[in-house]
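See below for the structure under consideration.
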Amino acid sequence: MNPVLSVKQLSGGYSRQRPVLHDVSFDMNAGELVGLVGLNGAGKSTTIKHILGLLEPYSGEIRISGRTIREDKIGYRKSMAYVPEMPELYEQLTLEEHLQLTAMAYHLDQKTYKERSEQLLKLFNMEKKKHWFPTHFSKGMRQKVMIMCAFLVRPELYIVDEPFVGLDPIGIQSLLDLMTDMKKSGSSILMSTHILTTAEQYCDRFIILHEGRIAVQGTLEKIRRQFGNSKASLHEIYLAVARGETQWME
Ligand SMILES: Nc1ncnc2c1ncn2[C@@H]1O[C@H](COP(=O)(O)OP(=O)(O)OP(=O)(O)O)[C@@H](O)[C@H]1O
């Protein structure tokens, strides 16, 4: 079976003279939550932009369920949903209209739309704000709108960029519960975050990026083994990578 997402020897960035990413390779399978971690500027958002098809690889390729964006642009884009770090909303649309627009773009039928949107509005405690315009939303509320739009679609692959900053504790827990449910139903989630304790608790695997390259990837158990300390936390390993203090064991 094809992996849901396959990134193979990706080099890319914003200028061919100075690529940001070098030889980045990883796969994601159905039902996995994978944490993408790394210091500011490590290349997490750039990796995400390549997966979304906003940047073109200089070399290597990206496939979602076996297809590249060139082979099937619509199918490629439809099979994923993205929650950006900075919420981007249409100022002239209400919360409900954002959900409706997403449902239309992804061709959800009315019954499915109604069921899912009601569930999401309840989960994120936004039922009473359905008719509000984004100008009246706080940052966390804006973020919740983006999250609800992504999870309305139930695609094969979710790309979630730093979702926890700005959400209140109940919002964070609702998102974690939702991700756990989507995972169980077979979706894959790639999540970039700096909140390592939460990542350690919820992610099945990790990719640690450092200066545009994958320093190490795998389950926490595998990374600990390679790090040579079976009790190390993700935080400790990450700090050692960031400080250039790691000597990986095979
Ligand atoms: N639009 C851009 N044009 C040119 N260079 C950029 C652009 N965006 C990011 N970069 C550069 O690409 C490199 C990787 O940045 P990226 O945004 O991918 O890091 P990140 O891991 O997501 O960091 P953060 O944790 O701060 O969000 C950095 O050196 C950054 O300066």
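The values are calculated or read from the model by the stated rules, or taken from the named source; none is laboratory data. Only a predicted model underlies this, so the values are computations on that prediction, with no experimental measurement involved. Reconstructed Cβ throughout: ideal geometry from the backbone, glycine too, with neighbour counts over all protein chains shown.
Test G43 against the stated conditions and say whether it is on the phi > 0 side of the Ramachandran plot, in contact (Cβ under 8 Å) with a residue 60 or more places away in the chain, of a type outside the set (A, V, I, L, M) and touching a Gly at 6+ places or on another chain (Cβ under 6 Å).
For G43, the condition - on the phi > 0 side of the Ramachandran plot, in contact (Cβ under 8 Å) with a residue 60 or more places away in the chain, of a type outside the set (A, V, I, L, M) and touching a Gly at 6+ places or on another chain (Cβ under 6 Å) - is met.
For the structure I just gave you, tell me whether E96 is farther than 21 Å from M191 by Cα, surrounded by fewer than 14 Cβ atoms within 10 Å (Cβ to Cβ), in contact (Cβ under 8 Å) with a residue 12 or more places away in the chain and among the acidic types (D, E).
no
Kindly provide the set of residues from the stretch 200-217 that are part of a loop (DSSP other than H, G, I, E, B), over 18 Å from F164 (Cβ atoms) and touching a Leu at 6+ places or on another chain (Cβ under 8 Å), ordered by number.
Answer for the stretch 200-217, where residues must be part of a loop (DSSP other than H, G, I, E, B), over 18 Å from F164 (Cβ atoms) and touching a Leu at 6+ places or on another chain (Cβ under 8 Å): just G212.
Kindly provide the set of residues from the stretch 56-93 that are free of Cβ contacts under 8 Å to residues at least 24 places away in the same chain and basic (K, R), ordered by number.
Matches in the stretch 56-93: R67, R70, K73.
Which of (1) at pLDDT 90 or above; (2) within 16 Å of the ligand (Cβ to nearest atom); (3) of a type in the set (V, I, T) is the odd one out, the single condition V241 does not satisfy?
Every condition holds for V241 apart from (1).
Would you be able to tell me the number of residues in the stretch 12-54 that are part of a loop (DSSP other than H, G, I, E, B) and in contact with a Leu (Cβ under 7 Å, 6 or more places away or on another chain)?
Qualifying residue count for the region: 4.
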